[in-house]
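**Q** Let me begin by handing over the structure; questions about it come next.
The values are calculated or read from the model by the stated rules, or taken from the named source; none is laboratory data. Computed from a predicted model, the values in this text were never measured in an experiment. Cβ sites come from the backbone with ideal geometry, for glycine too, and all protein chains shown count toward neighbours. Side chains included, ligands, DNA and RNA excluded: accessible areas come from the protein's heavy atoms. Shrake-Rupley method; radii C 1.70, N 1.55, O 1.52, S 1.80 Å.
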Amino acid sequence: MTVWTTGNSLGTARSAASGCGSSSAALVSGGTNGGTFLTSSEEMNALAWASGGSLSTARDTHAGFGSQTAGVVCGGRNTITPTVLLGTEHYNGSSWSAGGSISTARMSFDGCGSQSAGMNCGGTINGSYTGIVKSTQTYNGSTWSSSGALSTYRMMHGVGGSQSAAFAVAGNNQFDALLSNSENYNGSTWSSSGSVAAALTNVAGFGTQSAGRCCGGINSSPAVVATTSLYNGSTWSSGGSLVGARYDTSGGCEVAAGGYNGSALSTVEIYGDRIPSAFGFTDVVDANLSTVTTSGTVTPTGYDVTTSWTVTGGEASGDGGAWATSGAINPGQNIQLRATSSASYATAVSATLTIGGISDVWYVTTRNAPVPQIIFL
């Protein structure tokens with residue numbers, strides 16, 4: 001079942017950070033923590049977060065898009081009384097370097113696409129939130145250029161998709177005037193499309209124009225929400241809720257990292273199906289005594305995001321990696337078991353592998369005791 005589930009936490013609590021990548025290879029960068037503007041970035045691989053390279057300029061409320069090894073951030077602000085930024089930075093998987101400057105400095109906006117074919121839209125050109133804009137800018141990997149304008153002024157909205165097939169949803173068009181409508185982009189013009197169930201701002205958006213998501217945000221009460229909405233290209237429907245309400249979380253992929261709900265958050269949630277279908281290993285019989293015995297490989301199916309595994313009574317190796325008693329596995333990867341057989345004849349030992357809550361018990365049974373030979377004289 002596709003739901004939000006809790007993952008490992010960020011190394012640094014942060015809100016208003018940017019995010020991009022995928023559910024198994026995510027990247028977050030910048031943001032704020034208690035009024036401190038951050039330059040740090042973090043990468044998630046196999047559910048674990050590790051430090052990435054540092055941005056040249058601390059920033060929050062900026063746009064981010066691309067992949068973990070080819071990411072982009074642009075714009076944002078670098079102080080509470082902000083200098084709104086023009087700069088773009090590229091990530092190559094280890095370090096950040098300067099890219100082309102956006103056409104107009106802006107903050108509280110969002111972006112999508114790739115490092116060589118990106119875009120951003122909306123936002124505000126000043127720190128007083130009075131300079132809200134409609135304009136869209138596209139990126140070819142080195143320079144930004146103006147493109148079509150949104151139908152509605154909006155900032156603090158969610159965006160997803162590609163440079164030629166994007167969507168923008170929710171946000172606000174002046175202080176506390178919250179939006180519920182969405183718009184689709186075809187590479188040159190924006191047109192109105194469906195609306196989410198309730199007006200929201202400070203939402204995160206990700207996915208594609210035909211399979212999009214938005215999550216979290218603030219409603220008109222105002223209250224911080226755990227809402228998720230799903231998009232099919234024309235209409236929005238209710239999706240499973242986040243485990244915890246949050247806003248200003250990083251978007252760009254199916255990972256909600258950080259955000260704010262009374263304070264900057266380090267908690268992370270991942271959207272997807274982390275429970276595989278039933279799987280099984282072929283048991284071993286006639287094993288030699290006290291011998292390390294290895295199973296065949298199994299490739300679990302039925303799940304679509306990174307999920308964790310544990311072993312009792314033996315060890316496992318994921319996709320040919322190191323033998324261990326716990327780890328993580330991505331869709332399409334295989335896994336193998338090993339255990340030491342019993343020191344007694346005709347005796348079984350077992351190793352139990354659990355992936356995403358689904359288990360299989362693998363048995364290794366030693367050979368029978370030899371039959372004594374009778375010699376007639």
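**Q** If I ask for residues that are more than 13 Å from Ser250 (Cα to Cα) and among the hydroxyl-bearing types (Ser, Thr, Tyr), which ones from the stretch 41-70 would you list?
**A** Ser51, Ser54, Ser56, Thr57, Ser67, Thr69
**Q** Being assigned to a strand (DSSP E or B) and touching a Ser or Thr at 6+ places or on another chain (Cβ under 7 Å) is the filter; apply it to the stretch 7-20 and report the residue that is surrounded by the fewest Cβ atoms within 10 Å (Cβ to Cβ).
**A** Looking at residues that are assigned to a strand (DSSP E or B) and touching a Ser or Thr at 6+ places or on another chain (Cβ under 7 Å), I get Ser15.
**Q** Have a look at Ser290, Ser342 and point out the one that is crowded, with 16+ Cβ neighbours inside 10 Å and at pLDDT 95 or above.
**A** The conditions single out Ser342.
**Q** Let me ask another. Which residue pairs have Cβ atoms closer than 6 Å, lie 6 or more positions apart in sequence or on different chains, and pair a first residue in the stretch 5-24 that is under 17 Å from Gly64 (Cα atoms) with a second residue that is open to solvent by 40 Å² or more (accessible area, probe 1.4 Å) and in a strand (DSSP E or B)?
**A** Arg14/Asn33; Ser15/Tyr260
**Q** Could we say that Tyr260 is of a type in the set (Phe, Trp, Tyr), open to solvent by 50 Å² or more (accessible area, probe 1.4 Å) and within 25 Å of Thr124 (Cα to Cα) here?
**A** Criteria met by Tyr260.
**Q** Looking at the structure I just gave you, is Ser193 more than 27 Å from His90 (Cα to Cα), at pLDDT 95 or above, crowded, with 24+ Cβ neighbours inside 10 Å and polar (S, T, N, Q)?
**A** No, not satisfied.
**Q** Are any residues in the stretch 21-41 assigned to a strand (DSSP E or B) and either under 17 Å from Thr79 (Cβ atoms) or open to solvent by less than 10 Å² (accessible area, probe 1.4 Å) (or both), and if so, which ones?
**A** Selection gives Ala26, Leu27, Val28, Ser29, Thr32, Asn33, Thr36, Phe37, Ser41.
**Q** Report, ordered by the first and then the second residue, all pairs with beta carbons closer than 7 Å, sequence separation of six or more or different chains, a first member in the stretch 73-97 that is among the charged types (D, E, K, R), and a second member that is part of a loop (DSSP other than H, G, I, E, B) and open to solvent by 30 Å² or more (accessible area, probe 1.4 Å).
**A** These pairs meet every condition: Arg77/Thr83; Arg77/Gly127; Glu89/Ser56.
**Q** In the stretch 68-84, what residues are more than 17 Å from Thr36 (Cα to Cα), open to solvent by less than 40 Å² (accessible area, probe 1.4 Å) and in a loop (DSSP other than H, G, I, E, B)?
**A** Within the stretch 68-84, Gln68, Ala70, Gly75 meet the criteria.
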